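S.K.: The structure that follows is given in the form of structure tokens.
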Amino acid sequence: MFLVVIAMGLAALAGCGSTSTHTAYVTLPNSNAVAAYRIDNRSAKFTAIVGSPYPAGSSPSSVVVHPSKRFVYVSNESENDISLFTIDSTLGSLKEVLPRTATGLTPVFLVMDSGGNFLFAANQVSASISVYSIDSKKGALTAVAGSPFPTFPNPVALAIAPSGKFLYVLDPNLAAVFAFTIKSGVLQAVAGPPIQVGNGPLAITVDPAETFVYVANSIDSTVSVLSINSSTGALTLLGSFPTGTTPSSVTVLGPYLYVANLGSSNISAFSVAPTTGVLTQITSSPFAAGTAPLFEVLDPNHLFLYTGSQSSKLITAMSINTTTGALTTTTESPSTGVSPSSMSVSK
């Protein structure tokens, strides 16, 4: 009878994970670890997963959850490699699979295509993009032919089109975006010069409709809007719009754009004109968002926006009014102990 009760409890926990909660993983570079949380879909209540935080490599900088919810990948900036973790399907806990996969020098950012077929790593010091195919059964990474692919010095962020056809690379040295086509993981530069944006670009994203690319420019305190040629992937700058101080992250949800402002500790929220890409701040924007938010991540149900605070060393959950786009701070703000650098959620 006791064993039956345990089995029922585990089944309930597994069901809870699939229907009423989701998991999130946060890189903690100052402690060389990855924190793991289970988050309630309705309240955004964070619960640390048993064993968290889990040891990673040196200075983990970026984390991505595989769409199968079976694997987590973490770039280790100071030791030039990627950690693969398997996810316990019941608990959400992590177990690293060794050895780690080598990258170029200083892998600062990871991105994955929506199908979970390829992983891309921006190597800041070696000025290249490493591309790996992903084994769907074991999660193992294998470099594709020609990887790493050269780019200009100091790539800091990547964004992939939802279709998986195009990759965009952000270069703050040149204040520009470089465009690549993707075919079986192989990168080919799009013809023409890179597209200039504002000064100090730090973050980039592509909207789900694959119409626009958005870039947060930290020195100018602006966000640039670029249109995408759906056939070639080429970009055209449509304009730049003022944000708060030192924008550091940018996220799209339907007709709304959210920009986290590291310097002014708030989030600028905009409505996006569907044809022209013109941004208009919504009522009450900007919204207070803890202190020094470095990144922002949408929950899988698009009800909450999570931000990572550098100075307060915590994650802040903000509820989203899906009708107006307005944000409201919740009471959920779990401490990470040290400054978090990135976050990824299961979907």
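S.K.: Using +1 on the beta carbon of Lys and Arg, -1 on that of Asp and Glu, and nothing else charged, what's the dipole of segment 98-249 about the Cα centre, debye to 20?
M.R.: 400
S.K.: A further question on this structure: Please calculate how many Å² of accessible area segment 15-120 carries per residue, with a 1.4 Å probe and no DNA, RNA or ligand atoms counted.
M.R.: Value for segment 15-120: 39 Å² per residue.
S.K.: Step through the table entries LYS95/LYS183; LYS45/LYS137; LYS138/LYS313; LYS137/LYS313; LYS45/LYS347; LYS95/LYS137, compare each Cα-Cα distance with 24 Å, and write down the pairs that go over it.
M.R.: Over 24 Å apart, Cα to Cα: LYS95/LYS183; LYS45/LYS137; LYS138/LYS313; LYS137/LYS313.
S.K.: What value, in deg cm²/dmol to 500, does the helix sum -39500 (n - 2.57) over DSSP H runs of n ≥ 4 give at 222 nm once divided by the residues of the chain?
M.R.: It lands at -2000 deg cm²/dmol.
S.K.: Considering the dipole of the chain built from charges on the beta carbon (Lys and Arg +1, Asp and Glu -1) around the Cα centre, which of TYR306, SER52, ILE219 is farthest to its positive end?
M.R.: Comparing the listed Cα positions along the dipole, SER52 ranks first.
S.K.: Quick one: check the C-alpha center-to-center distance for segment 30-90 versus segment 104-121, whole angstrom.
M.R.: So the separation of the two Cα centres works out to 15 Å.
S.K.: Given a 1.4 angstrom probe, what's the average accessible area per residue across segment 197-275, in square angstrom?
M.R.: With the other protein chains kept in place, segment 197-275 gives 33 Å² per residue.
S.K.: Something else: Just to make sure I understand: if all protein chains stay in place, what is the order of LYS165, LYS347 by accessible area at 1.4 Å, largest first?
M.R.: Listed by decreasing accessible area, they come as LYS347, LYS165.
S.K.: At what distance in nm do the modelled label points of ASN117 and THR323 sit from each other, each positioned 7 Å from its Cα along Cα→Cβ?
M.R.: Taking the two extended label points, one gets 4.1 nm.
S.K.: Taking only C-alpha pairs under 8 Å that are 6+ residues apart, what is the relative contact order of the chain in percent?
M.R.: Across the chain, relative contact order equals 11 percent.
S.K.: Express the carbon and sulfur contribution to the solvent-accessible surface of the chain as a percent, rounded to the nearest whole number, probe 1.4 angstrom.
M.R.: Roughly 59 percent, rounded to a whole number.
S.K.: If each of ASN154 and LYS45 carries a label point 7 Å out from its Cα toward its Cβ, how far apart are those two points in nm?
M.R.: Here the answer is 4.6 nm between the modelled labels.
S.K.: What FRET efficiency comes out for the pair VAL278/SER231, r = Cβ-Cβ distance, R0 = 25 Å, nearest 0.05?
M.R.: My answer for the efficiency is 0.60.
S.K.: Tell me the relative contact order for segment 155-301 as a rounded percent, counting alpha carbon contacts under 8 Å between residues six or more apart.
M.R.: Contact order relative to length: 15 percent.
S.K.: Quote to one decimal, in nm, the extra length available between SER68 and VAL125 on full extension: 0.36 nm per residue of separation minus the C-alpha distance between them.
M.R.: Full extension from SER68 to VAL125 adds 17.4 nm.
S.K.: Taking R0 as 25 Å, what's the FRET efficiency between LYS183 and SER136 from their Cβ-Cβ distance, rounded to 0.05?
M.R.: With a Förster radius of 25 Å, E is 0.80.
S.K.: Continuing with this model, one more query. Can you tell me which of SER20, SER335, SER126 moves the most in a GNM of the chain? Springs connect C-alpha atoms under 10 Å apart.
M.R.: Maximum among the listed residues: SER20.
S.K.: So if I place +1 on the C-beta of Lys and Arg and -1 on the C-beta of Asp and Glu, and nothing else carries charge, what would the dipole magnitude of the chain be about its Cα centre? I want it in debye, nearest 20.
M.R.: Dipole about the Cα centre, nearest 20: 540 debye.
S.K.: Taking 0.36 nm per residue of separation and subtracting the Cα-Cα distance, what length does fully extending ALA143 through SER89 add?
M.R.: 16.7 nm
The values are calculated or read from the model by the stated rules, or taken from the named source; none is laboratory data. Since we're looking at a predicted model, the values are computed, not measured. Virtual Cβ from ideal backbone geometry, glycine too; neighbours counted across all protein chains shown. Surface accessibility is based on the protein's heavy atoms, side chains included, excluding ligands, DNA and RNA. Shrake-Rupley method; radii C 1.70, N 1.55, O 1.52, S 1.80 Å.
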